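Reviewing the structure listed below.
Readers should treat all values here as calculations from the given coordinates under stated rules, not as data from a laboratory. Everything numeric in this text was worked out from a predicted model, so none of it was measured. A quick note on method: Cβ atoms are made from the backbone with ideal geometry, for glycine too, and the neighbour counts reach across all protein chains shown.
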Amino acid sequence: MKKVISALLFPFLVVLIQIVTLGELIWPNENVASVNVGKHFLVAFVSFFVLLFVLMFMYRKLDGQSFYLNHWSIRNLVIAVLAAVLSQVVQGIISAWAHQGTSDPRTYQALHSNIWLITVITMVVLSPILEEILFQGILQDGILKNVHPSISIPLTAMIFAIIHGFGFHLGTIELLVTGLTFACVFWYTKDLKMAMICHGLANLIVLILLLI
């Protein structure tokens, strides 16, 4: 019953966690020279903590594994870092093959405004934490817990890619690679922190590429 309720709530949670990302981008009524930092800060951080509470509550109801900040594995950390780098290399190869450059005008604009720090923190820390609890915790380790990894991992990655790509195209294939990376890191390490670190580092690489 808990899995059925979680599955029904999942689409709504996907929409809700997008609220945090509103804080990292310049709004339509703003420009680079005029951004209300206070409002962006409130949107990003207040929504983050509210959603974090909701997601962790659901994850625990699904008998999800606890992840403690004092439990770390060097091996798992190395796996997370290497996986993040490898996923971006593969995405780079796909982009080069398709003659498609790294471009995200809205994020680039935000990085050159006075909300650049909020943008970086949201992309590298806040969003990865929420998304990995939702996709790896609630979905892979909760709703799909008793499904064989050969199905649960690709399914989790496909849902991640479609939600972020909004359709079936080359960009979605690149996101599928990313989704598979995060899902595999969590499945192999059994540690949500590693999936979060992998996700955050992958986003950091994207940010660096945008600025180069």
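For the reader, a short list of remarks on this structure follows.
- Given the alternatives [x] 52, 38, 23; [y] 41, 40, 31; [z] 51, 40, 36, Cα extents along the principal axes in Å as computed for this entry is given by [z].
- Met1-Arg75 pseudo-label distance in nm [points 7 Å out on the Cα-to-Cβ vector]: 4.1
- Protection proxy ranking of 192-204, 111-123, by the mean of other Cβ atoms within 10 Å over each peptide's residues and highest first, is 192-204, 111-123.
- The magnitude of the dipole of region 2-211, with charges of +1 and -1 set on the Cβ of Lys/Arg and Asp/Glu and taken from the Cα centre, is near 480 debye.
- Neighbours of Ile17, meaning other residues whose beta-carbon lies under 15 angstrom from its beta-carbon, give a summed charge of -3 when Lys and Arg score +1 and Asp and Glu score -1.
- Sequence-distant aspartates and glutamates (8 or more away, or on other chains) whose Cα lies within less than 13 Å of Lys193: Glu131, Glu132
- For the chain, adding -39500 (n - 2.57) for each run of n ≥ 4 DSSP H residues and dividing by the number of residues yields -22000 deg cm²/dmol at 222 nm.
- Folded to 0 to 90 degrees: helix 149-165 orientation relative to the chain principal axis, Cα: 20
- Residue list for region 110-149, given a label point 7 angstrom along the Cα-to-Cβ vector of Ile208 and an amide N cut-off under 15 Å: 124
- Of Phe135, Val43, Val20, farthest towards positive along the dipole that unit charges on Lys, Arg, Asp, Glu beta carbons give the chain: Phe135
- Residue list for region 6-28, given a label point 7 angstrom along the Cα-to-Cβ vector of Leu117 and an amide N cut-off under 16 Å: 24
- For region 2-211, with +1 on Lys and Arg beta carbons and -1 on Asp and Glu, the positive-most of Leu204, His148, Ser34 along the dipole: His148
- Qualifying lysines (Cα of each under 30 Å from Cα of Lys190; at least 8 residues distant if same chain): Lys2, Lys3, Lys61, Lys145
- In straight-distance terms, cross-link reach from Lys39 covers every one of the aspartates and glutamates whose alpha-carbon lies under 18 Å from its own, apart from those fewer than eight places away in the same chain; here that gives Glu24, Glu30.
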